[in-house]
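Presented below is the structure to which this report refers.
The values are calculated or read from the model by the stated rules, or taken from the named source; none is laboratory data. What you see is a predicted model, and the numbers here were worked out from it, not measured in a lab. Reconstructed Cβ throughout: ideal geometry from the backbone, glycine too, with neighbour counts over all protein chains shown. Remember, those area values only see protein heavy atoms, side chains included, never the ligands or the DNA or RNA. Shrake-Rupley method; radii C 1.70, N 1.55, O 1.52, S 1.80 Å.
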Amino acid sequence: MNTLKAEKRSMAVKAKKLRREGYVVGNVFGKELQDSIPVMMNKKDAEKLLKTDHKGSQIMLEVDGQPYDVLIKNVDFNPMAGRIDSIEFQALVSDEMVHSVAEVILVNHEKIAQGVVQMELSEIAYKALPAALVDHVQVDVGNMKIGDAIRVKDLDIFSNADISIKNDPETIVVAVTAVHNAAVPEPEKAEKTEE
């Protein structure tokens, strides 16, 4: 499990100022915390962590030296500025079910000779105890043919007794469809007629 260092943030300092100084702001909330804890993290540390962990990942968050077992609940990314604006963390309690998501990762798609792989669902929503949390689900699409589909109920995570899936079991996660390459007619060039 990865660790991210953070420090408590004074709400007197605006988030905009902290971002300019190289920090990412965040918040830690949880059932056993009296109040949510506003935090700030070094931008480089947060970016490094998010290369391997993402929304739905369980990490250790060290706030001023105090470790918290947390779930990355939300990452607010600003695409215009190309930066992480804020990260929300949920402090986990071993006997409390938490809502989370597992990212769907397709493997062996290069083995598909015909058709196009269409990902219909990028994450699976579920509820589980902290010990059963998963941050991704691998879906092997290598043996799929045109017309095949993998539904939520076909995934390994669906049959895991410790995990309660929130998506409809019949929802298609990935499908292989035929390629429709209709030839695009070239526009006719209007001939100039001189009068």
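The table for this structure:
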read-out	value
Filter result (over 17 Å from V39 (Cβ atoms) and either part of a strand (DSSP E or B) or open to solvent by less than 20 Å² (accessible area, probe 1.4 Å) (or both)) within region 84-103	V93, V98, H99, S100, V101, A102, E103
Test set (1) within 15 Å of A6 (Cβ to Cβ); (2) modelled with pLDDT under 95 - A81 fails condition number	(1)
Selection from region 56-73 of residues that are surrounded by 18 or more Cβ atoms within 10 Å (Cβ to Cβ) and not in a strand (DSSP E or B)	G56, S57
Pairs with Cβ under 8 Å, 6+ apart, first in region 92-111 and within 15 Å of S122 (Cβ to Cβ) and modelled with pLDDT of 90 or more, second hydroxyl-bearing (S, T, Y) and open to solvent by less than 40 Å² (accessible area, probe 1.4 Å)	S100/Y126; V101/Y126; A102/Y126
Of all residues making up region 104-116, the number that are assigned to a helix (DSSP H, G or I) and either in contact with a helix residue (DSSP H, G or I) (Cβ under 9 Å, 6 or more places away or on another chain) or surrounded by 15 or more Cβ atoms within 10 Å (Cβ to Cβ) (or both)	1
Pair list, Cβ < 7 Å and 6+ apart or interchain, from region 73-88 residues that are on the phi > 0 side of the Ramachandran plot to residues that are in a strand (DSSP E or B)	none
Sole exception among (1) exposed (fewer than 15 other Cβ atoms within 10 Å of the Cβ); (2) touching a helix residue (DSSP H, G or I) at 6+ places or on another chain (Cβ under 7 Å) for K44, by number	(2)
Residue in region 116-123 that is among the hydroxyl-bearing types (S, T, Y) and in contact with a Gly (Cβ under 9 Å, 6 or more places away or on another chain) present	no
Long-range neighbours under 8 Å by Cβ, at least six apart or interchain, first residue closer than 12 Å to L129 by Cβ within region 152-166, second crowded, with 20+ Cβ neighbours inside 10 Å and of a type outside the set (A, V, I, L, M, F, W, C)	I163/Y126; S164/Y126
